[in-house]
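Below is one structure, written out as structure tokens, with a few remarks after it.
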2 protein chains.
Amino acid sequence: MHIFTRHLSKIYTQPVLQINLSKLVENYRMLSEIIYPATPSAVVKDDAYGLNAAEVAKVLYEKAECRNFWVAHAAEGEKIADIVPEANIFVLQGIGDDSLELFQKHQFVPVISSPEMLLYWKKHKIEGIKPVIHIETGLNRLGFRENDLKKLNHRDLQIFGMVMSHLACADEKDHFMNEHQLNNFRRVKQKYFPDLPASLSASDGAFLGEEFCCDMVRLGAAMYGINTAPYRPNQMKNIITLKAPVLQIADLPKGDFVGYSATYRAADNRKLAIVSIGYGDGVPRSLSNIGKVFFESGKKIREARILGRVSMDNIICDVTDIEDVKVGNFGYLIFDDYTLDDIARDAGTISYEILSRIGKNPRFKRKYCSL
Amino acid sequence: MHIFTRHLSKIYTQPVLQINLSKLVENYRMLSEIIYPATPSAVVKDDAYGLNAAEVAKVLYEKAECRNFWVAHAAEGEKIADIVPEANIFVLQGIGDDSLELFQKHQFVPVISSPEMLLYWKKHKIEGIKPVIHIETGLNRLGFRENDLKKLNHRDLQIFGMVMSHLACADEKDHFMNEHQLNNFRRVKQKYFPDLPASLSASDGAFLGEEFCCDMVRLGAAMYGINTAPYRPNQMKNIITLKAPVLQIADLPKGDFVGYSATYRAADNRKLAIVSIGYGDGVPRSLSNIGKVFFESGKKIREARILGRVSMDNIICDVTDIEDVKVGNFGYLIFDDYTLDDIARDAGTISYEILSRIGKNPRFKRKYCSL
């Protein structure tokens, strides 16, 4: 019977990343309701956090009537320009000598965050485009400080079509920075740009209340299923499943070591599953000896611990107590019951970093489920 | 004068990754000498650790006469198959239902590491191809255990063209595992595959002495400039430069916070440079409040500390003591004097993970310098 099973079993070697675009659209719609009457917009920078900006922008444009997209770089905007022809594409890192041509070609809207970039824009401005001005309100990252704004003359202030800022601590509901930044933003906007539409929040700010939503909210992380309001249960749906095949089942004798630098030693006899995924696929090496992989066992989902170091192409899992794991089965690294937020917590980082990193790997079999 | 400088300054927004293929070839040649008379081979899995397997394989094939390449997945082999027509392409994760067609089309050589995969091969074997057998010798990862080997009959043993294993602790010269694995490998090879060529070491094993080099060494990390023998100064040349433009220079007032979650607070007035790169470009978030960025200042290179959290698109650097940093200048994150090994140490991981992660990001301006 054992031999028979072996003969029948399939062999797979490649990890699989499934992206559920229907759930992404559901998340976008749910967020749009939460922020109503503010206008929703989609953040597809960093190649849509690695999920492929073209696929993500297409479904949001066609199925969710999204007409405002944010990218970090003009080169990212170029990937979606033809897919969202009637939409605004805002470029957060702004315009410069290395991107001017793309702005001219595609009519991107630059976000201008420094006096130097404003000078550049005045020299190279594009007919019909009104840039966004980025105001610094407490993050101390990009944006005009009030000293910079004071130096602008009346004509300078007329250049812009929208005013934005960005919150530092919006994932903590009661953090003092939220009110502090909101007040700064309101005061500066009122003083310099009273008539412009305003955007203060990304998807963490969306949950802080109507006053944080202003005219436009930049929906990113939450749309991708991340809980950006971790002080309460996630309202968003998980959109990705990451799984990888078991290449081998092997005994680990008592006293033996596992993986690079021999960081795990077996206190008794164990059973191992070698799973075909590693940090080369974006699984953080910080999950060494800590991370979990899940296997179907009968009708249950069972948890297996990662033993030893995560290596580039493989992880080694302890399946001693999971009897029916076989070569050709899949281990699950991210799915509805162990989400991006869960793996990020175990890896000691944030879901954004995990998603951004995993999504970019070219060696997955990548499957998009759509409406 | 200040205004004049501003008018003249260039604005850039996009990070730049330079890959020096000439130095890569130099490293490969140096390693080939060290391991002589063993045959060198090149590990270009994980898209050549993110550096683009097609570019790397091409230069090694054309300029260094490399005729043996290792990938993890058949899908990776496909990217180089036409570029290295006369070479062997070994596929470390082996063959299965999701890759069989690629093996048939390109005559890849599978590495077979389990009895199940051997059964699969016997059912689907490809004329003219002799697979590599992977023997487990102490890493407790992929590979035939001795119990598995005992079950093979004489005809099974004739199937293979090479025998390989992989070392767990080869970056520590005196680690007991090195001798332990070498002895295991010799004994098992002698018993089951006395006539086959053998490959035990990757580029860390290359420095452990002739007995570890056997017939073929799989050169990867060291070829990419990583010090795989950290118990002595690096003999390899750094091959990558990662730099990103300063988008803004700004004052940080005493008492202000920096970045997400307000993790840095200024004890006195500081000067900030906002640099256009972040974890979306592969800069580990674990460098938050720890990492370094380097700036040219006159004829010197000056070090600036990263303040606050690394965010997706930007990092914030303390340039209080570096007077002449301006918008449009570049900050260096990896270069000859602060290599992959240095940034990995600061980020709390290994150079392999940094390289594999950084190289894959599509939003760099990517420049290959060649011979």
Point to revise | the stretch B:90-113, residues that are within 7 Å of chain A (Cβ to nearest Cβ) and charged (D, E, K, R) | key: B:ASP97, B:ASP98
Check your understanding: What number of residues within the stretch B:7-28 satisfy the criterion of being under 26 Å from the mean Cα position of the chain (by Cα) and either without any contact (Cβ under 8 Å) to a residue 60 or more places away in the chain or away from every other protein chain (no Cβ under 14 Å) (or both)?
Key -> 11
**Study point:** Total residues in the stretch B:329-343, condition crowded, with 16+ Cβ neighbours inside 10 Å and either at the interface with chain A (Cβ under 10 Å from one of its Cβ atoms) or of a type in the set (D, E, K, R) (or both)
**Key:** 2
Check your understanding: Among the residues of the stretch B:199-212, which ones are touching a helix residue (DSSP H, G or I) at 6+ places or on another chain (Cβ under 7 Å) and either surrounded by fewer than 20 Cβ atoms within 10 Å (Cβ to Cβ) or on the phi > 0 side of the Ramachandran plot (or both)?
Key -> B:GLU211
Practice item. Could you please find all residues in the stretch B:22-72 being touching an Asp or Glu at 6+ places or on another chain (Cβ under 7 Å), among the hydrophobic types (A, V, I, L, M, F, W, C) and closer than 26 Å to B:ASP336 by Cα? Key: B:ALA53
Exercise for review: Examine the stretch A:213-220 for a residue that is in a loop (DSSP other than H, G, I, E, B), more than 11 Å from chain B (Cβ to nearest Cβ) and modelled with pLDDT of 95 or more, and state whether such a residue exists.
Suggested key: yes
Exercise for review: Mind listing just one residue for me: the one in the stretch B:105-119 that is of a type in the set (S, T, N, Q) and farther than 18 Å from B:VAL84 by Cβ and, of those, surrounded by the fewest Cβ atoms within 10 Å (Cβ to Cβ)?
Suggested key: B:SER114
Practice item. Sort out which residues of the stretch A:1-26 are part of a helix (DSSP H, G or I), hydrophobic (A, V, I, L, M, F, W, C) and modelled with pLDDT of 95 or more, and write them in order of number. Key: A:LEU21, A:LEU24, A:VAL25
Review point. Which residues, taken from the stretch B:172-224, are of a type in the set (Lys, Arg) and touching a strand residue (DSSP E or B) at 6+ places or on another chain (Cβ under 7 Å)?
Key: B:LYS189, B:ARG218
Review point. Before we move on, is A:ARG265 of a type in the set (D, E, K, R), in the same structural domain as A:ASN361 (by TED's automatic domain parsing) and surrounded by fewer than 21 Cβ atoms within 10 Å (Cβ to Cβ)?
Key: yes
Study note, to complete from the structure: How many residues of the stretch A:250-279 are closer than 30 Å to B:GLY359 by Cβ and either more than 8 Å from every other protein chain (Cβ to nearest Cβ) or in a loop (DSSP other than H, G, I, E, B) (or both)? The answer is 8
Review point. Quick one: is B:GLU116 at the interface with chain A (Cβ under 8 Å from one of its Cβ atoms) and touching a Pro at 6+ places or on another chain (Cβ under 9 Å)?
Key: no
Practice item. Among the helices (runs of 4 or more DSSP H) lying completely within the stretch A:42-93, list those that include at least 2 residues that are among the aliphatic types (A, V, I, L, M). Key: A:53-63, A:74-81
Practice item. Tell me which residues, restricted to the stretch B:134-173, are more than 13 Å from chain A (Cβ to nearest Cβ) and touching a residue at least 40 places away in the same chain (Cβ under 8 Å). Key: B:LEU152, B:ILE159, B:PHE160, B:GLY161, B:MET162, B:MET164, B:LYS173
Review point. Residue check: is B:PHE176 more than 14 Å from every other protein chain (Cβ to nearest Cβ), among the aromatic types (Phe, Trp, Tyr) and surrounded by fewer than 20 Cβ atoms within 10 Å (Cβ to Cβ)?
Key: no
Practice item. Residue by residue through the stretch A:256-315, note down the ones that are farther than 22 Å from B:LYS45 by Cβ and among the β-branched types (Val, Ile, Thr). Key: A:THR263, A:ILE290, A:ILE301
Review point. Quick check, is A:LEU247 of a type in the set (A, V, I, L, M, F, W, C), under 23 Å from B:ALA202 (Cα atoms) and not in a helix (DSSP H, G or I)?
Key: yes
Practice item. Taking B:GLU353 as meeting all but one of (1) within 14 Å of chain A (Cβ to nearest Cβ); (2) of a type outside the set (A, V, I, L, M, F, W, C); (3) assigned to a strand (DSSP E or B), write down the number of the exception. Key: (3)
Check your understanding: Taking into account only those residues within the stretch A:10-60 that are at positive phi and among the acidic types (Asp, Glu), which is surrounded by the most Cβ atoms within 10 Å (Cβ to Cβ)?
Key -> A:ASP46
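The values are calculated or read from the model by the stated rules, or taken from the named source; none is laboratory data. Just so it is clear, the structure is predicted and the values come from calculations on it, not from any experiment. Ideal geometry is used to build each Cβ from the backbone, glycine not excepted, and the neighbour counts take in all protein chains shown.
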